[in-house]
Every structure is written in C-alpha cells, then in structure tokens.
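Here the structure comes first, spelled out in structure tokens, and everything after it is commentary.
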Amino acid sequence: MQDNEPILQMTGIHKRFPGVTALSGVSFRLFPGEVHALMGENGAGKSTLIKVLTGVYSIDEGTVTLGGSKVAARSPLEAQALGISTVYQEVNLCPNLTVAENVFVGREPRRFGRILWKEMNRKATELLRERLHLDIDVTLPLQDYSVAVQQLVAIARALNISSKVLILDEPTSSLDRGEVEQLFRVMRKLKQEGLAILFVTHFLDQVYEISDRITILRNGEFVGEYPAADLPRLELVSRMIGKEVELLERRIRGEASAADRTIPVAAAKGLGRKGAIEPFDLAIHQGEVVGLAGLLGSGRTEAARLFFGADRSDQGRLELSGAEATSISPRSALDKGIAFCSENRKTEGIIEDLTVRENIILALQATRGWFRAISRKRQDEIALEYIRLLNINPPDPEQLIRNLSGGNQQKVILARWLLTQPKLLILDEPTRGIDIGAKAEIQKLVMTLSERGMAFLFISSELEEVLRVSDRIAVLRDRRIVKEIAEPDINQQNVMQAIAGG
Amino acid sequence: MLNRKYLPVIVTVGLFLLMFAAGSLRYDGFFSFQVILNLLIDNAYLLITAVGMTFVIVSGGIDLSVGSMIALTTMVSASLVQEHGWPPGVVIPLVLCMGSAFGWLMGAIIHYFKIQPFIVTLAGMFLARGLCYVISLNTITIDNPFYTTMAQTKVRLPGGDTVSISVIIALVVVIAALYLAHYTRFGRSVYAIGGSEQSALLMGLPIARTKILVYTFSGFCSSLAGVVFTFYMLSGYGLHAVGTELDTIAAVVIGGTLLTGGVGFVAGTFFGVLIQGVIQTIISFEGTLSSWWTKIVIGLLLFLFILLQRLLSAKGRQAVRT
C-alpha cells in the first residue's frame, strides 16, 4: 500500500479568505487502496481542504496532482470528471426519483435521445449488488429507503462516474451502529478494489475502526500524517486540540447533594405513543441529570418529545412537579418550566437570518408574550451575559448566527433555553457535529447547572458522554425503556449490555 | 406490487370514471363517446395549458401568466389577421414565438435573479393582460376563412363521432409531453429539480437551462392554447380566459401533481382536465343549477386531493424503515 505512488497529492496549499487564512501550507497524500481519515476540530480547515480539492474554492497557492499530472478543478462537476467524487453528510440526491435514476440521472443510457429505462434499472441493480452488496428494488423512489441506503446509493452514483478518489464527508453522522457497519463493509471492499477513500468524521471509534492513516489539521495548518495503528487516541486528540486534553472526570455525587428527591420535576407514568415509544415510567428530579442511551431509532427522541408535548401521548400520563399535566403542548410545557433543545439544530433550532442576540432572546420573548417587548438595552445585557457565560465565539451579539460554527450555534440555542430558567431542560444530541473543545464545555455546563438545581434529560449517541454527565441512565431498545441504571452501577459495560440486550 | 407513486393518478382516473358513471345513470343521453369528446372539445385549450403547467409545477414552480397569455394571443391574432390583414400562416407561428419568448424571459428572471416564480409570473400576468387593452378595448371578431374553417371542421372518427381540430392538437401535445416527461433527459431533470434543486445542481444537471426551458415550454403551451381558444371563440378580447391560470392549477393538482414539486404525471393532468369537464357537463345536464356549482365542486375536490396527498406522503415517511 505504502510503496506505490500516491494517487492524489496536495502540496503547500494556501487558501485565504478576507481577513482569515483558512489553509496555510497544508499537504495531503492519498494512496490507492487506503482509507485516510482527515481529522481536526471545527475550523481546522477540513471542509476548506475538501472544497479546494473538489473545486468549490480556488487555490491561492500550492499544487494538486492526481495520478501524476497536475490538476485544478474549477467546479464540483469538473472534479467529478477528473475522478474525484464526494458524498456529503446530507445525502445530495433527489428523494422523489427512483434509486436507479438517482444513480444515473444526467447520464442515462439512451438511444436516439430516448431514455432506456429497462437497461438503466438493470445496470443500477447490478452496480448496487456487485459493488455495494445492496440488493434492493431500484424502481422505488429513493425516499422509501433509510438514510444509510441513500448514502450507499450516493456512493454508487459516485462510483459510476469512474471514481479514483472518493471523499466521504461525515457520512456516519445520522447512521445507527448497524448502518455504520454496512457502510464500513462497503468501504473495505472498495478499498480492496483499489479506490482511495478520504474519510471525515467526528467519531474517534470509527476512525480507528476503518482508517489506515490519519492526517491532522489544526487552525488551517498541517500537523502531521500518521499510520492509524501508531497513533494512540489520547495523542490524536491532543494533537487535534493542541494541548493536553482536560479529561472530564465523571461526576460522582454523594447522597448529600442539594437535589430534592421527593417530588420529581417531571414523571412519566405509563406514558407512551403508538408507533413511537412503548409506555414507560421515568421520573426526573430536581438537580438530576437523566441520560437516555440507546441506538439511533431506539425511541430516545420520541420519549423526550412526549415530555415537552411536541408529540401527543396516547397512553399514560405525565406529572409535572406532582400535578398531572393533561394535554401538554410545547407552549404550556414552556410555561411549566420545561425546555426542549432539539437535535435538528439547522431546521428546528436556529433562525439563520437573525443575529446571535435575537436568537438568544427568542424563547424568553415568546414566554412573555409578543406585546411585552424586552427593551433593546435589556436584550443587549442578556446577550452579552450569556455570550460570556457560555464562551460564545465570536463574542459579538450582532453577528448573524449562520456565520457561527456548529458548536457556537449550539451554545446560542442553549443560552436561549437557559434564559427561560427552566426547571427541566431536555437536550437532544446537544453535542452532535461540534468539536471536542465545545463538547467538553457543554458537558461541563450541564454538570454545573444541575448542581444548582436544574434537571436535565440528556440524549446523546455518544455513550461516553451520557456516562460522563448522567446521574441515572435509562436505556432504550426497540422503542422501549428496557432498563434504568443508577449509581453505582453506571459503567460502560452495564449500559452496553442493556443496549445490546440478551 | 403497485408502485405507491401512481396512487394519486389512479384515484384521479377512478374519480373520473365514477363521475361519468354517475352522470350516465342519472341523465339520458349522457352515456356516449361523444360526450367525452365534447369534454375535450370544450376544454382543449385548458388541456394544452395544463400540460405546460404540469412541467412548471413538477419543477417546483408556478406560472400565473397562462390565462393572460391566452388572452394576449387571441388579441394579437385577431388584430393582425383582422385589422392588418396578415395571413394566419405567419400570425400563428408568430404568436407561438411570442408566448415562448415571454415564458423564456420569465424563466430567466426567475433563475438568474433568484426571484420566486409566483411573483415573476404574477407580474407577467398583469403585463400580458394589460397589453391586450393596448391593442383594443373591445372584442375583435374574426371572420378570416382559415379561422372559421378551423373552428367548424369536424374530424370524423371511426364510429361516427366527431372532434374538432383543436382536440387533435391537444392530444398531440399530451402525447409529446408524456414522451418529454418520461423519456428525455430534460423531463427527468425537471423531476430532479422539483425533488431537490440543490441536489440536482450537485449531481451536475443543467439547472439554468432546464428551469428556463420549463417556463418557455409553459409559455409556448399557453400561446398554443390561445391559438386554439381563438379557433373556439373566433374573437380576440382582453377578458378572454380570465382566471384560467387557477383552473389550470386546479386541474394539475386534481391530476395528482404535488404543488411542492417533484411528483406528478402528464396523464394525471389529462384526467384532471376531464374531471373539470365532466363536472361542467353534469351541471349543464342538470339544467337548474347555476354554473358556479362547477367552482364549488372543484373547490371541494381540491381540498380532497390536497388532503389525500398529505396522507399519502405521511404514509410514505412511515414506510421508511425505522
């Protein structure tokens, strides 16, 4: 693998934007038949490097050679023609078209301008079966399939354009464990066939599972290229963030804590919703962090949404501070001190065209009613206070939120809900897609606030994170709460066992 | 298994058959092939317009200018033929070019300036309607022999039933559109753009060309509908085809096309137009009902279809493996 020539070589790449240097002197090599992980925190320059490579941005300085000859793609289309294909986190296909069309659209087999559907369906079936081990009905619309399958179809499309280099940009963010396995099997197979794969992800486990080599970027600079086997995890992380990791100790709190365990802030009694989550009991007390662990699709979000009234329950009841809450809606939940921070930051969380200040104020203003406007002076005070408290960067309340990084957007949303001073804050995947530094800050914040008496329902796909922050963990499997684990039994082994079942 | 995506079209066809059967049971003389042909004769212009509109809506857009374009076509045709003595052989290609150019311009504005189709075509609607009155405030009656011949010629079908030349034109348009939608790259690109414009762009499809062509095609269809409408009315008038854009959209939606784009069938549109026609026919057979009942029934049907589509797409999401 290492002895042959690299298929792709980027040398001394510089890219400047007005006011910022996004990449300075970055080098990157990719060999045929390897999976190469590109690592770095948000803002390290991963996306910029990929965009430079795929022709979205032009290169200021430096050279790219592909298969020995110098290339400079000026658009994603040109890059594709050269043999560099990209599959993005959000599947960029048309959900309304059939699977076969999604593989071939724009390059359909034709005779005299007439599309040959039969041939197209046959070719698509073959391609998916032989190269991706995917045996599906290609005449159904893409939207009938799961995200994982859609991602594989996107890869099939890329391969069909005789790809030499395949870039997978955060392909696993919305896949569950089984689906990730499926994707990895395909990646291993393609690797054996000699394809060069550039893999970007936030999940360390996955990096070590699939990658042969790792290139680390930090602040737009090249840190180094290492064989994955020779780079211990801790070293990888410390190289990524450039300092020794401040590893958060898992909280262990004695019974003497200030938490009031008599009347729960919120208690579900046989609460359930058909097709979403089986009836369950779950109580959350003041000052307590209850984690929901389970695989994607196990019903974590569905359970959380019932607490907030985002979905209507059809079984059981919900008690808030001891009183039964009938037909709760997000609005009445807010009134009763429950806030919900959704997992879809982009679609359900931030309002892209508003400033940081406006985004922070939103929920507070809504609870006060729209006719009692918060004065501009007060708004500025609040915004600055929370920007300082949560360390939001850049610390400018008038910046449009869309210009912030994912982690900082998440902090703004947190600020929004904290401002309403909820008794219970539901956090659904609060750290997804954000860098390690911001992740740690958010975890720390949850712990600090719970010590002051706020209750949390904490959902995350990262088990380590749930383990770290939770006082109690409810484990879900197949849309059912299968086990509740409390101190002193909280450890990875126990939780994994409950998730896996048996 | 039956593909779920055809369900709205099947419902439309079923509904048409049901209404036709109901009319046949209730009224003497309703059950005949000629009644169906009459539906086509009276609605040929609507059918042609709706075919163009189907492409626009599938691409995720809307075209409000079609009714005004029909009126403008009748007006320009009548004025040139009647008042200036131009030969129809020149006038008809000219108005078709005019309609296409008008559509092309709107498409270019929509795409390059990234303005919502609703507002651009609304402007186009006012503009075209207004231009009619620049030509004349009154009706211009046409007695040119070519137009009267086209209006009166009956094409005899085997079996003795007759259709007008306009119906033939409309059916040719439908068949051409079926081919265009399902067997050409242009057609599939329209569906792709309607499904996700961003994805279509990243998949390397020619977005600009396709979008502009869609509006050009709609402009062409509405001016062709205007020509057919001129045959039908034998006059040019600024108040012709008022509100036709909405009838057209209704026909397309009843035909199973999603207003959000990406899903729809020309065949569905064909039956959507026939359903509108059959409602009109039933009401005229009934005799005592005001013709406004047509609107009421169409309104109810629209509600029904929008709800049906909502339910179907909700089911679709559930069908996805969880």
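Coordinate-derived values only; no laboratory data. Note that this is a predicted model, so its numbers are computed, not measured. Neighbour counts are summed over all protein chains in view; Cβ atoms, including those assigned to glycine, are modelled from backbone coordinates with ideal geometry.
Can you sort B:Met106, A:Met454, B:Met69, A:Met447 from fewest to most other Cβ atoms within 10 Å of each residue's own Cβ?
Details: B:Met106 27, A:Met454 22, B:Met69 35, A:Met447 18.
Going from sparsest to densest Cβ surroundings: A:Met447, A:Met454, B:Met106, B:Met69.
Residues of B:200-210, mean number of Cβ from any other protein chain within 10 Å of their own Cβ, rounded to a whole number?
4
Report the one residue of A:Thr420, A:Gly106, A:Leu292 whose Cα lies farthest in the direction of the positive end of the charge dipole of chain A (charges on C-beta: Lys and Arg +1, Asp and Glu -1; origin at the Cα centre).
Of A:Thr420, A:Gly106, A:Leu292, it is A:Gly106.
Per DSSP H run of n ≥ 4, the term is -39500 (n - 2.57); total these for the protein assembly as shown, divide by its residue number, and report the mean residue ellipticity at 222 nm rounded to 500 deg cm²/dmol.
Working: 29 runs with 406 residues, N = 824.
Only helices count here, giving -16000 deg cm²/dmol.
Given labels modelled 7 Å from the Cα in the Cβ direction, how far is it in nm from B:Ile119 to A:Ser321?
Placing both labels 7 Å beyond Cα along the Cβ direction yields 4.6 nm.
How well do other chains shield peptide B:180-192, expressed as the mean number of their Cβ atoms within 10 Å of each residue Cβ?
Numbers: counts 0, 0, 3, 7, 5, 7, 1, 1, 8, 3, 0, 6, 8.
Neighbouring Cβ atoms belonging to other protein chains average 4 per residue here.
Please list 3J(HN,Hα) in residue order for the range A:320-327, calculated via the Karplus relation 6.51 cos²θ - 1.76 cosθ + 1.60 where θ = phi - 60°; whole Hz, with x for glycine and proline.
10, 6, x, 9, 6, 9, 8, 5
Please give the peptides B:153-163, B:184-194, A:352-362 ranked by average Cβ packing (other Cβ atoms within 10 Å per residue), highest first, as a rough proxy for protection. Could you put the intermediate results ahead of the total?
On the way: B:153-163: 11.8, B:184-194: 23.1, A:352-362: 20.2.
Top to bottom by mean Cβ count within 10 Å: B:184-194, A:352-362, B:153-163.
Given a Förster distance of 35 angstrom, what is the FRET efficiency for A:Thr11 paired with A:Glu348, based on the Cβ-Cβ distance and rounded to 0.05? Numbers along the way, then the final one.
Numbers: r = 43 Å, r/R0 = 1.22.
According to the calculation, E is roughly 0.25.
At a 10 Å Cβ-Cβ cut-off, how would you order A:Leu449, A:Leu271, A:Leu93, fewest neighbours first? Mind dumping the intermediate values first?
Working: A:Leu449 18, A:Leu271 22, A:Leu93 27.
Fewest-to-most ranking of A:Leu449, A:Leu271, A:Leu93: A:Leu449, A:Leu271, A:Leu93.
Which order results if A:Thr326, A:Thr139, B:Thr288 are arranged by neighbouring Cβ count within 10 Å, fewest first? Walk me through the numbers before you get to the answer.
Values: A:Thr326 8, A:Thr139 16, B:Thr288 5.
Placing the least packed residue first, the sequence is B:Thr288, A:Thr326, A:Thr139.
What number do you get for the range A:350-421 when its Cα radius of gyration is normalised by 2.2 N^0.38 Å, N = residues?
0.99
Quick one: dipole size for the protein assembly as shown, taken about the Cα centre, charges +1 on Lys/Arg Cβ and -1 on Asp/Glu Cβ, in debye to the nearest 20.
On the way: 80 positive and 76 negative charges, 174 e Å.
Dipole size: approximately 840 debye.
Looking at the square roots a ≥ b ≥ c of the eigenvalues of the Cα gyration tensor of chain A, which shape do they give, rounded for a/c under 1.5, prolate if a/b is larger than b/c, or oblate?
Numbers: a/c = 1.79, a/b = 1.51, b/c = 1.18.
Cα axes put chain A in the prolate bin.
Let me know the shape class of the range B:124-242, please: from the alpha-carbon gyration tensor, a ≥ b ≥ c as square roots of the eigenvalues, rounded when a/c is under 1.5, otherwise prolate if a/b is greater than b/c, or oblate. Could the numbers behind the result be given before it?
Values: a/c = 4.18, a/b = 1.50, b/c = 2.80.
The shape class here is oblate.
Exceeding 25 Å between C-alpha atoms, which entries from my cross-link table qualify? They are A:Lys51/A:Lys164; A:Lys411/A:Lys483; A:Lys70/B:Lys211. Present the calculation step by step, with values, prior to reporting the outcome.
Numbers: A:Lys51/A:Lys164 17 Å; A:Lys411/A:Lys483 31 Å; A:Lys70/B:Lys211 35 Å.
Those over the limit are A:Lys411/A:Lys483; A:Lys70/B:Lys211.
Suppose R0 equals 25 Å. What FRET efficiency, 1/(1 + (r/R0)^6) with r the Cβ-Cβ distance, do B:Ala151 and B:Ile175 give to the nearest 0.05?
Values: r = 23 Å, r/R0 = 0.93.
It comes to 0.60.
Once the piece of chain linking A:Glu385 and A:Thr65 is laid out straight, how much longer is it, given 0.36 nm per residue of separation minus the C-alpha distance between them? All intermediate terms of the calculation are to be shown ahead of the outcome.
Values: separation 320, 0.36 × 320 = 115.20 nm, distance 4.94 nm.
Stretched fully, the A:Glu385-A:Thr65 segment lengthens by 110.3 nm.
Between B:Ala225, B:Ala200, B:Ala78, where does the largest GNM mean-square fluctuation fall for chain B, given springs only between Cα atoms within less than 10 Å?
Looking only at B:Ala225, B:Ala200, B:Ala78, the largest GNM fluctuation is found for B:Ala200.
Using amide H atoms built 1.01 Å from N in the peptide plane, name the residues 5+ places from B:Leu64, or on other chains, whose amide H lies under 5 Å from its own.
So B:Leu64 has HN proximity to B:Thr121, B:Leu122.
With a cut-off of 8 Å between alpha carbons and a minimum separation of six or more residues, what is the relative contact order of the range A:32-76 in percent? Before the final figure, lay out each step's value.
Values: 30 pairs, mean separation 13.6, N = 45.
The normalised contact order for the range A:32-76 reaches 30 percent.
Rounded to whole Hz and in sequence order, give me ³J(HN,Hα) for the range B:252-257 from the Karplus expression 6.51 cos²θ - 1.76 cosθ + 1.60, θ = phi - 60°, writing x for Gly and Pro.
Listing the rounded values in order: 5, 5, 4, x, x, 7 Hz.
Classify the range B:4-313 as rounded, prolate or oblate from the Cα gyration tensor: take a ≥ b ≥ c as the square roots of its eigenvalues, call it rounded if a/c is under 1.5, otherwise prolate when a/b beats b/c and oblate if not.
Oblate shape, in that a/c is at least 1.5 and b/c is the bigger or equal ratio.
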